Amino acid sequence: MQVYELSGPPGPNEIIADQLVLALGFFDGVHRGHQRVIAKAKEVAHKIGAQVGVLTFDRLPRSAFEDLGPIHYLTNRRQKIQRFENMGLDVVYIAEFNEAMQTLTPQAFVDQYLVGLKVVAVVAGEDYTYGPKQLANMTNLPQFAHGRFAIYQVAHLDENASRKISSTTIRQDLDQGKVEDANRLLGYIYRTYGPVVHGFARGRTLGYPTLNVQTSMDQRLPQEGVYAVKVKIDGKLYNGMASVGHNDTFGDDLALTVEVNVFDFAQDVYGQEVTIYWYSQTRGMIKFNGIDELQNQLDTDRQEIKAYFARLDEKMS
């Protein structure tokens with residue numbers, strides 16, 4: 001799969017084929033709704049023997065017009081590209097949402113980016129926009145295309161009558177600790193990754209040594225609390241329990257940390273990158289009255305999470 005980062009309209013060296021089908025969208029999370037759009041693009045491309053890819057942006061376009069503060073994505077660029085590759089795409093275009101892109105008219109976007117890439121068809125969700133949403137929407141796209149390529153609009157995918165599968169809904173689920181709901185909408189287990197760094201080693205003194213995982217600002221963490229997780233270390237998965245919080249038992253105004261007690265694991269992996277798969281929140285964060293109270297709760301947490309994975313393994317067998 002080829003990946004091109006576009007700071008402006010594509011040039012000759014970035015055009016991969018005379019026939020290209022593009023899925024359009026920001027694709028944060030590459031959730032089940034996004035997967036449906038990409039699957040449709042692959043279907044169209046297969047029928048006509050064309051190459052297939054996606055055209056996305058380097059950041060949430062809305063952030064260029066609104067002060068959204070720090071944005072914690074469901075998938076950062078690296079994760080998104082990996083998902084696209086796993087889906088068997090030929091090419092990924094990541095357009096920089098710079099000042100020139102912000103001022104581009106809908107017609108210019110179509111002419112320079114879609115026609116410029118020699119698309120024969122585009123596929124997008126019904127709410128996709130490529131400029132001011134009142135004008136640059138899927139309803140109006142045919143008038144800008146002028147019959148130069150086919151347009152396929154994919155309807156929203158809903159989990160039920162009240163829950164649309166969307167990146168916004170998934171972010172809300174994670175922010176409320178509802179990782180099982182988020183995973184169902186994503187179509188896979190939500191994950192974050194980062195290097196193992198040195199912490200205060202408090203867990204070791206409690207009999208629960210932890211990996212302190214440093215996560216970057218562009219990764220969204222679930223709500224503070226304790227979670228059943230799996231951790232990939234050196235390509236192998238281990239069950240464990242993770243804590244997201246400020247360690248309030250040990251003081252006020254401490255930094256947010258992600259600490260994972262990995263079951264049946266005792267290796268030194270400082271500096272190594274690990275991946276955390278978030279399965280279920282077992283409780284919220286609690287400020288304990290002392291070490292004994294905390295240790296008793298950790299014993300309970302471990303038992304509950306081991307039982308959770310035992311049930312999960314039995315269900316999948």
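For the reader, a short list of remarks on this structure follows.
- Computed from the Cβ-Cβ distance with R0 of 45 Å, the FRET efficiency linking Glu43 to His246 stands at 0.40.
- Gained length - Ala310 relative to Val197, 0.36 nm times residue gap less alpha-carbon distance: 37.7 nm
- Members of Lys178/Lys236; Lys287/Lys315; Lys133/Lys232; Lys80/Lys287; Lys164/Lys230; Lys47/Lys232 lying beyond 31 Å, as alpha-carbon distances in this model show: Lys287/Lys315; Lys133/Lys232; Lys80/Lys287; Lys47/Lys232
- Rounded to the nearest 10 square angstrom, Lys164 shows an accessible area of 70 square angstrom against a 1.4 Å probe.
- For segment 295-309 versus segment 223-240, the gap between their alpha-carbon centres in whole angstrom: 14
- Per residue, the accessible area of the chain comes to 49 Å², computed with a 1.4 Å probe over protein heavy atoms only.
- Relative to the current alpha-carbon distance between Met1 and Thr139, full extension at 0.36 nm per residue lengthens the span by 46.6 nm.
- Within a Gaussian network of the chain (alpha carbon springs, distance under 10 Å), most fluctuating of Val123, Val197, Val37: Val197
- Protein accessible area in segment 72-200, 1.4 Å probe - carbon and sulfur %: 50
- Residue ranges 308-314, 190-196 sort as 190-196, 308-314 when ordered by packing (mean number of other C-beta atoms within 10 Å per residue, highest first).
- Residues whose placed amide H lies under 5 Å from that of Phe263, excluding near-sequence neighbours: Asn239, Gly240, Met241
- Here the sum of -39500 (n - 2.57) over DSSP H runs of 4 or more residues, divided by the residues of the chain, equals -8000 deg cm²/dmol at 222 nm, to the nearest 500.
- For Arg283, the residues whose modelled amide H falls within less than 5 Å of its own, excluding neighbours fewer than 5 places apart on the same chain, are Val226.
- Between Ala145, Ala228, Ala182, the GNM of the chain built on Cα springs shorter than 10 angstrom shows Ala145 fluctuating the most.
- Linear extension gain, Arg78 paired with Glu126, 0.36 nm per residue minus alpha-carbon span: 14.7 nm
- Largest accessible area first, the listed residues Lys315, Lys178 line up as Lys315, Lys178 when surface is computed with a 1.4 Å probe on the assembled protein chains.
The values are calculated or read from the model by the stated rules, or taken from the named source; none is laboratory data. The shown structure was predicted, so the numbers you read here are calculated from the model rather than taken from an experiment. Here the Cβ is made from the backbone with ideal geometry for all residues, glycine too, and neighbour counts use every protein chain on show. Areas reflect the complete protein model, heavy atoms only, side chains present, ligands, DNA and RNA absent. Shrake-Rupley method; radii C 1.70, N 1.55, O 1.52, S 1.80 Å.
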